[in-house]
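The values are calculated or read from the model by the stated rules, or taken from the named source; none is laboratory data. Quick caveat: nothing in here was measured; it's all calculated off a predicted structure. Note that each Cβ is placed from the backbone with ideal geometry, even for glycine, and that neighbours are counted across all protein chains shown. Side chains are part of the model used for accessible areas, which takes the heavy atoms of the whole protein and leaves out ligands, DNA and RNA. Shrake-Rupley method; radii C 1.70, N 1.55, O 1.52, S 1.80 Å.
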Amino acid sequence: MTTTPEIDDAAVRLSTAPEPVGPLRSRQLLAPLRRTWRQLTSMRTALQLLFLLALGAIPGGFLPQRSLNPVRVNEYKAQHPGLAPWLDRLSLFDVFAAPWFAAVYLLLFVSLAGCLVPRIRLHARALRKPPPQAPGTLTRLPVSGSWETDASVEEVLEAARRALRSGRWRAVRRGNAVSAEKGYLRETGNLIFHVSLVVLLVGIAVGAFYGFKGTVLVKEGTGFANAVLNFDDIHPGRRFTEGSLVPLHFTLDDFRATYGEDGKARTFDAKVRFAPNADAPLRPYDIRVNHPLHVGAAKVYLLGHGYAPRVVVRDVDGTVAFDQTVPCLPQDTKFVSNCTIKVPDTRGQQIAFDGVFTPTTVQDPATGRVTSTHPAAQSPALTVVGFRGDLGIDAGVPGSVYTLDRRRLTPIDSGKAHLLATGQSWQLPGGGSITFVDTTEWATFQVTQDPGKGIALLASCGIVLGLCLSLFIRRRRLWVRAVPAGDGTGTPRTVVEVGGLARTDPDTFAAEFEELTGRLREKIPPREADKE
Amino acid sequence: MAHLSDSLLFAAVVVYALAMLGFAGDQATRRARRVLAEPALRAAPSRVLAGAGGPPLTEPAVSPAPSREKGWAGSLALGLTALGWLIHLGSVVTRGIAADRLPWGNMYEFSCTAALVAVTGFLVLVARGKVDRGLGAFVMLPVVLYLGLAGTVLYTKVGPLVPALNSYWIKIHVAAAVTASGAFLLSGVIALLYLVRSRFDERTVAGSAIRFPVSLGRALPAAASLDRSAYVVIAFAFPVWTFAIIAGGIWAEAAWGRYWGWDPKETWSFITWVLYAGYLHARATAGWKGRKAAWVAVAAAVALIIDYYVVNIFVVGLHSYA
């Protein structure tokens, strides 16, 4: 491989990519700092950081992550008691919140910024500057041609400049040549792409700091008002303030899921009535998957659903001690669901039930085991085990509504399970009864506010636009030189030299060059004698 | 209609397999001719356009003319590929009609469509003279294996979609993802072939022993042209992939309430994206050009395969549909 000295000059550099690190001549004190900075902003370091980023994300793609599914993280820890604590120490269950992951991407973005700023400056200068002077010998460029003409040097250059300008080249006279360049948008696109990446990071950060996410379970016939206290689970950003919550409220009138024969879900549909604030009238809306409710800056999504059987419990004297719909938590795809019924207000001991709700109930005649064969409520049943004693909810210790504290409870009927179909009752030994009245449903909703979303979307548009420009636009340069020839007697003779250079896709450029020289030959006709 | 689609896919695989044999036969005859005409092998020359600092403008010489000799076996194979492509297209279309939706709803359908994109890409590149058809055997072999696997292991009966997939964004997000995946898989094959060929060239120049699989390099187009082809395909697929991820984010925002959540599928799409971004930069960075960059392209294709198959089958996440 040899380098041709004639074209080895600035004119043929088509990129504003940073030059490799040269010898340092700065003052002793700053030298190490400068060296570090240059190293960090070099392409090689950026590449290494990029690969490190990919490598670092891999455990996040294979190991369960706390942010997604804390239950599965605990399962994993139980299964791998030796390994898991080490993984946890390395933040491998929280990869995307880990300090080392943040270090990699922040370094990458610093490196990017350090590279971008000078490139933007260089490109801005290149946009204002005329295309560079022609290199020494045009015929040594990748594509070139020459011919003689009767036109004068002045005529040749003017014609060439006009022809190139009409082809939307940036063309200027420089000495005895016309310098032309095209495809500045390539670098512009490149810069838009990288700047957009930085903007995207800003959008993500805004969302993480000022955003809010909360989930809530709502039973049919009940309502929800958007306030931090009303959620079952919240994920506020670090800078989020309650005042920025949209004051919406809604009531769930009806939830409906439809399923195919195979038990796979077809549609989920939550019919709500909502109002954007306390004074506004209620308006109906269908919240479905892919069809959230928009209220101002907030969006309400349908997340999940389940069954809430209506249960009536009667006291020893026959008065109703409990009449509620009980949300049951689904355990599998056929919606076998766990229910907990607590009846604190009784005349005697407090009563509680552990129940299993099955929407399409099948009982094994041999073992008596109850399961569900379909997620739809085709033949719902509630199987309960009863308890009497102290529920432990008066002690002031917070407990989950979904679990029973059995320490001070004794099973009723030796802990035997009783299956209740719709409308059936179980007369408890020692008085009282439980009745499974009918089946209602519940749905979980997520309320989200992400103020960084718009920024991220804008940045994404910039990313795609910038990429397309930087990958599909070709930057190329072309020079036309006119040199007087002959002895100065008779008609003036001029040698026209044309040379071009493209950094990418030389095949396409060669074709374009052919076509261009063809057009130039029409404008600057070769001497009769030269015509073939 | 569903049966028709299955039969058409089977027919397409058979025709592709025949095309592969044709390409292989073409290689054999071409090699025989080449050996007779010119026993010495030239190392792929390249010339330097300029190099005043910055990434030197090394431009691979436009390959020692990807020998344009047209053997009858090659033409037949190319014809068979085109015929197979038509049948394959028919299979995908009838599948869509049978399901009454776009045929991208599960892994089987996605794989069939991705393979269709890969073959389309190959045919377009050959027609535009960007890729030597001598590559045919090496492209058709993975396509046949891939479709064979899709038709047996991943096969799923026609069915409607789960609710989360029921959105017009599926058309946009999955169309982009399937296009980019097909092209990326094609580029992965070409990058592997480049690695073989460049190793072959190196050993030939050094005069060292050449064993399988490096010996396959003899039948391949010049290294520089393979490198170019891989780049052309990736440069096309990368923005499409980027768009697919963004469209996925918009869809996720509507379906799950966040545009990005590091779900395993999202994580692996991100890894794939970063690796291809790395490839594009590596190709322009001194010390990373050539074989190192090609390895990055291969690694990225592996990440893509993990993204689609391993994540869907073994990792629990929101994208576990099929």
Report task. Place a +1 charge on the Cβ of each Lys and Arg in segment A:308-442 and a -1 charge on the Cβ of each Asp and Glu, then give the dipole magnitude about the Cα centre in debye, rounded to the nearest 20. Result -> 240
**Report entry** For the protein assembly as shown, size of Cβ-based charge dipole, Lys and Arg +1, Asp and Glu -1, in debye
**Finding:** 3080
Query raised in the report: Residues of A:496-507, mean number of Cβ from any other protein chain within 10 Å of their own Cβ, rounded to a whole number?
Result: 3
Query raised in the report: Taking a spot 7 Å from the Cα of residue B:29 along the direction of its beta carbon, which residues of segment B:74-92 have an amide N less than 14 Å from it?
Result: B:74-80
Report summary line: Dipole check, the protein assembly as shown, charges on Cβ (K,R +1; D,E -1), about Cα centroid: among A:69, A:176, A:191 the Cα furthest to the positive pole belongs to A:176
Report summary line: On the formula 1/(1 + (r/R0)^6), with r taken between the Cβ atoms of residue A:421 and residue A:271 and R0 of 30 Å, the FRET efficiency rounded to 0.05 is 0.65
Report summary line: Checking every Cys Cβ in the protein assembly as shown against the others at 4.7 Å leaves as unpaired A:115, A:461, A:468, B:112
Query raised in the report: If you project the alpha carbons of chain A onto the principal axes, what extent comes out on each, in Å, largest first?
Result: 132, 56, 54
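Could you tell me whether segment B:243-322 comes out rounded, prolate or oblate from its Cα gyration tensor? Rule is a ≥ b ≥ c as square roots of the eigenvalues, rounded for a/c under 1.5, then prolate if a/b exceeds b/c, otherwise oblate.
Numbers: a/c = 3.85, a/b = 1.89, b/c = 2.03.
The shape class here is oblate.
Based on the mean of other beta carbon atoms within 10 Å per residue, what is the order of B:202-208, B:305-311, most packed first?
Values: B:202-208: 12.3, B:305-311: 20.0.
Top of the packing list down: B:305-311, B:202-208.
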Requested in this report: Would you work out which of A:346, A:319, A:371 lies farthest towards the positive end of the dipole of segment A:308-442? Charges go on Cβ: Lys and Arg +1, Asp and Glu -1.
Outcome: A:371
Query raised in the report: Hey, got the dipole for segment A:30-122? About the Cα centre, +1 on K and R Cβ, -1 on D and E Cβ, debye to the nearest 20?
Result: 540
**Report entry** Approximate spin-label separation residue A:173-residue A:239, in nm, with each point projected 7 Å along Cα-to-Cβ
**Finding:** 5.7
Report task. Enter the mean number of other protein chain beta carbons within 10 Å of the beta carbon of each residue in B:248-257, as an integer. Result -> 5
Report summary line: Between the alpha carbon centres of segment B:184-201 and segment A:37-51 the gap in Å comes to 27
Query raised in the report: Considering only protein heavy atoms, what is the solvent-accessible area of residue A:38 at a probe of 1.4 Å, reported in Å² to the nearest 10?
Result: 90
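Take every residue in peptide A:51-59, count the Cβ atoms of other chains within 10 Å of its Cβ, and give the average of those counts. Write out the running numbers ahead of the final one.
Details: counts 6, 1, 6, 13, 3, 2, 8, 5, 1.
Per residue, the number of nearby Cβ atoms from other chains is 5 on average.
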Report summary line: Of the residues A:82, A:122, A:108, the Cα lying farthest along the dipole of segment A:34-177 towards its positive end, which is defined by charges on the beta carbon of Lys, Arg, Asp and Glu, belongs to A:122
Requested in this report: Read phi for every residue in segment B:178-190 and hand back ³J(HN,Hα) as whole Hz from Karplus 6.51 cos²θ - 1.76 cosθ + 1.60, θ = phi - 60°, with x for Gly and Pro.
Outcome: 6, 5, 4, 4, x, 5, 5, 4, 4, 5, x, 5, 5
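With r as the distance between the Cβ atoms of residue A:408 and residue A:369 and R0 = 22 Å, compute the FRET efficiency 1/(1 + (r/R0)^6) and round to 0.05. Numbers along the way, then the final one.
On the way: r = 29 Å, r/R0 = 1.32.
The formula returns an efficiency of 0.15 here.
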Report task. Post the alpha-carbon centroid distance, segment B:227-277 to segment B:297-317, in whole angstrom. Result -> 13
Query raised in the report: Going highest first, how would you order A:456-462, A:479-485 by mean Cβ packing within 10 Å?
Result: A:479-485, A:456-462
Report task. Using Cα centres only, tell me the gap between segment A:181-219 and segment B:74-98 in whole Å. Result -> 41
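Tell me, what is the percent relative contact order of chain A, built from C-alpha pairs under 8 Å that lie six or more residues apart?
Values: 1016 pairs, mean separation 102.4, N = 532.
Relative CO of chain A lands at 19 percent.
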